[in-house]
1. Every residue in region 190-222 that is assigned to a helix (DSSP H, G or I) and among the aliphatic types (A, V, I, L, M), please.
2. Using the structure shown, decide if residue 263 is under 27 Å from residue 157 (Cα atoms), loosely packed, with under 14 Cβ neighbours inside 10 Å and among the aliphatic types (A, V, I, L, M).
3. Collect the residues in region 127-171 that are more than 23 Å from residue 278 (Cβ to Cβ), within 20 Å of the chain's Cα centre (by Cα) and among the aliphatic types (A, V, I, L, M), keeping them in residue-number order.
4. Within region 99-121, track down each residue that is of a type in the set (Gly, Ala, Ser) and buried (at least 21 other Cβ atoms within 10 Å of the Cβ).
5. When region 299-314 is examined, which residues are found to be touching a helix residue (DSSP H, G or I) at 6+ places or on another chain (Cβ under 7 Å), closer than 23 Å to residue 338 by Cβ and not basic (Lys, Arg)?
6. Here's a check for you: in region 183-223, which residue that is more than 21 Å from residue 378 (Cα to Cα) and surrounded by 13 or more Cβ atoms within 10 Å (Cβ to Cβ) is modelled with the lowest pLDDT?
7. Which residues, counting only those in region 262-301, are touching a Ser or Thr at 6+ places or on another chain (Cβ under 6 Å) and modelled with pLDDT under 90?
8. Return the residues of region 61-79 that are within 28 Å of the chain's Cα centre (by Cα), surrounded by 17 or more Cβ atoms within 10 Å (Cβ to Cβ) and not small (Gly, Ala, Ser); say none if nothing qualifies.
Amino acid sequence: MSLFVQKPTQPTARATPAQPSGRFSAEKKPISRKVGGHPSHWQNRVAVSGARRIVNRELAPFSRQLSAMLRAGMSLIVGLTTLEEQTTFAPFKKLLTSIRLHVEAGNTFSDSLAFYPQVFDALYVNIVRAGERSGEFAVTMRQLGDLLESTARLRRKVKAAMTYPIVVLCVALIIAIGLITFVVPVFGGMFAEFGAQLPGPTQFLLDTSAFFRKRGLWLIGAIGVAAFFFVRWKRTETGTRRIDSILLRLPVFGLLTQKTCIARVSRILALMMKSGVPILDALSIVARTSGNMIISEAIFEARATVEQGSPLAQGLEGKACIPTLMVRMLAAGEKTGQIDSMCVNIADTYDDEVETMISALTSLLEPLLMVFLGILIGGIVISLFLPIFKLASIVGG
């Protein structure tokens, strides 16, 4: 969502309600919003407390419930008031109050949402605006809620699949460091009394333990500093692009990332086109919400070819990050004039593939991680007991 600041040549003719105090703070400069070529009115960009939780947990139910009320014959004001009264999350309640005040002051619902870009991004606002224009506002809100829920569900599954091995590896690392730092030195003192030469694995373990005890704090500090600079670099455009490129090239996880992004892009594009958003505007918004900079760049390049009169499939053809199946299905949809329906089919196809990959990956990783954990911890324990076994064999001999 692009925001630009400029000086107004004349006052706005549209009334703007006073912003609620407390958790909502508006910027002082008037901001004009221009997304997808829609000329906008003057408005203040308002910061929202708890925006992340609202987006992740409240937005999909809100969209569906508002749709149900509108289809039942309630007015928008009554629907917003009802949702405001039943909401228990305080920041979201205040947000709904503010939106209702904007609508009561004469703003359209989409323009009222655009005051809060932290919660309602360009995708959400433009789909709502298209629904208002088409006269299918209630249906659009339901479809928007379904889209948000589908996207969140897929994101949770991918996150769970990627989180599980990381958690197991971290637990294994913590256990290993604990053994090396606190248990190994006890055995080291006992072995020193023997005065005998220790087996190679045991000596290596003792040396590692000594290093951690002497240099452990320095090592932790170095890792912390490196992590700090890595996070800062990751937030730059260069860092984001580099990491997204690496993610797509990873074995297994790269394919999972690609299919997840393609499913999301296809479903969003389908909904925007069904809602009547122009193809060029839809592609601009889809590119910004793909979740991967490499895929975003490919979509922006395809948009440029569409702007010149070429088919979308032709613009995506030959892009390494775009699957051939998607290109061919889009080409078929463009020939039949049903590109929105074909995008839904593409999204469903890749959603199914992602779920299949996640199930297979989880089934494969569980035993592999258990084996790794056993080798790591078992190796440490065996290395500690090797001298005792050797001593027992000498005494027995």
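The values are calculated or read from the model by the stated rules, or taken from the named source; none is laboratory data. Given the structure is predicted, the values throughout are model-derived calculations rather than measurements. Every residue, glycine among them, receives a Cβ derived from its backbone with ideal geometry; neighbour counts consider all protein chains shown.
1. Taking region 190-222 and keeping what is assigned to a helix (DSSP H, G or I), we get 190-194, 200-222.
Within region 190-222, 190, 192, 205, 206, 210, 217, 219, 220, 222 meet the criteria.
2. Details: under 27 Å from residue 157 (Cα atoms): yes; loosely packed, with under 14 Cβ neighbours inside 10 Å: no; among the aliphatic types (A, V, I, L, M): yes.
Answer is no for this residue.
3. Those that are more than 23 Å from residue 278 (Cβ to Cβ), within 20 Å of the chain's Cα centre (by Cα) and among the aliphatic types (A, V, I, L, M): 152, 154, 158, 160, 161, 162, 166, 167.
4. Here is the first cut: in region 99-121, the ones of a type in the set (Gly, Ala, Ser) are 105-106, 110, 112, 114.
110, 112, 114, listed by residue number.
5. Applying the first criterion (touching a helix residue (DSSP H, G or I) at 6+ places or on another chain (Cβ under 7 Å)) to region 299-314 yields 299-303, 305-307, 311-314.
Going one step further and asking which of them are closer than 23 Å to residue 338 by Cβ, we end up with 299, 302-303, 305-307, 311-314.
Answer for region 299-314, where residues must be touching a helix residue (DSSP H, G or I) at 6+ places or on another chain (Cβ under 7 Å), closer than 23 Å to residue 338 by Cβ and not basic (Lys, Arg): 299, 302, 305, 306, 307, 311, 312, 313, 314.
6. Out of the qualifying residues, it is 216.
7. Within region 262-301, 275, 276, 290 qualify.
8. Matches in region 61-79: 62, 64, 65, 66.
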